[in-house]
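Structure first, then comments.
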Amino acid sequence: MISVVIPLYNKERYIKETIRKVLNQTFQHFEIIIINDGSKDNGPDIVNEIDDQRVKLFNKENGGVSSARNVGVEKSQFEYIAFLDADDEWLPNHLEEINKLITQYKNEADVFVTNFAKKYSEENIVENRKQDELKEGIVKDYFKIILKKGLIHTSCVCVSKKALLKAKLFDERLSRGEDIDLWGRLARENEIAYSPVVTELYLQEAENNSGGKSDITKSILYHFDFSSVTSVDEKKYFKNLLYRKYASLLKNIDFANFIKLMIKQGF
């Protein structure tokens with residue numbers, strides 16, 4: 001059994017279809033935990049209209065996506081947690097593919113990931129070609145891989161509840177990049193099982209991507225626990241993330257503090 005956690009904040013345009021595509025999965029052993037994070041639109045009312053006992057809505061004051069996901073994990077009843085954003089889409093085989101990974105690799109891994117495609121419109125869906133060379137199985141070096149390509153997207157990952165609780169869930173101090181932070185902490189302590197099968201469509205719209213790079217840089221710079229970075233590949237990854245990839249955005253952050261952190265951690 002799998003608990004599907006969906007944070008909901010002002011997504012009335014998408015939430016009904018998102019839930020419908022979960023209910024239409026070929027693998028049917030799940031519950032859907034929807035956390036209304038203080039929505040100001042009709043999204044919660046739309047959820048309440050869905051007549052399926054597996055759909056459970058919980059309301060909370062607005063606290064951000066990390067707090068919503070964390071409450072979802074706490075409310076979940078099952079051993080494995082699959083995350084889904086309210087405006088992303090699962091293909092019908094998503095949970096079936098996740099279940100295959102769990103069945104085959106549960107004695108080795110606690111994190112299970114499928115491939116995804118980017119959806120710009122109904123007519124424009126682009127597969128994640130950067131991952132074509134990755135084969136099914138245990139990921140050998142997460143940080144080495146993500147120096148060159150993305151591996152985990154929030155809506156295509158499933159994690160054992162015990163691993164999430166041990167990692168202390170999403171860091172609610174982060175306004176952006178909370179997923180990057182958690183995947184890194186999980187990767188240090190747990191094996192990751194991967195399937196190259198595309199099972200999720202990642203919506204690429206303006207409201208989904210506003211302010212991203214600068215906010216992620218600042219969030220990780222000011223809140224990430226750099227003292228936990230130990231491996232060479234992981235250090236290279238954060239150097240790439242904080243300096244090379246976002247070099248043009250350094251004017252938006254405390255440059256002196258950034259350099260001090262980089263030198264202190266041996267970057």
Practice problem: State all residues of region 86-113 that are modelled with pLDDT under 95 and under 28 Å from Asp141 (Cβ atoms); if no residue qualifies, say none. | Solution: Asp88
Practice problem: Keeping to region 144-197, report how many residues are assigned to a helix (DSSP H, G or I) and charged (D, E, K, R). | Solution: 10
Self-check item: Check on Asp52, part of a loop (DSSP other than H, G, I, E, B) and at pLDDT below 95
Solution: no
Quiz prompt | For Ala68: the one exception among (1) surrounded by fewer than 22 Cβ atoms within 10 Å (Cβ to Cβ); (2) at pLDDT 95 or above; (3) not charged (D, E, K, R) | solution = (1)
Quiz item: Would a scan of region 24-32 turn up a residue that is under 22 Å from Phe170 (Cβ atoms) and either touching an Asp or Glu at 6+ places or on another chain (Cβ under 6 Å) or crowded, with 22+ Cβ neighbours inside 10 Å (or both)?
Solution: yes
Self-check item: Among (1) in contact (Cβ under 8 Å) with a residue 12 or more places away in the chain; (2) over 20 Å from the mean Cα position of the chain (by Cα); (3) open to solvent by 40 Å² or more (accessible area, probe 1.4 Å) - the single one Val47 does not satisfy
Solution: (3)
Quiz item: Going by the structure shown, is Glu17 open to solvent by 20 Å² or more (accessible area, probe 1.4 Å) and touching a Gly at 6+ places or on another chain (Cβ under 7 Å)?
Solution: no
Quiz prompt | Members of region 85-114 found to be open to solvent by 40 Å² or more (accessible area, probe 1.4 Å) and charged (D, E, K, R), listed by number | solution = Glu96, Lys100, Lys106, Glu108
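The values are calculated or read from the model by the stated rules, or taken from the named source; none is laboratory data. Treat the numbers as computed from the prediction; the structure is a model and nothing was measured. Neighbour counts run over all protein chains shown; Cβ positions are idealised from the backbone, glycine included. Ligands, DNA and RNA are stripped out before the accessible areas are found, and what is left, the full protein with its side chains, is counted by its heavy atoms. Shrake-Rupley method; radii C 1.70, N 1.55, O 1.52, S 1.80 Å.
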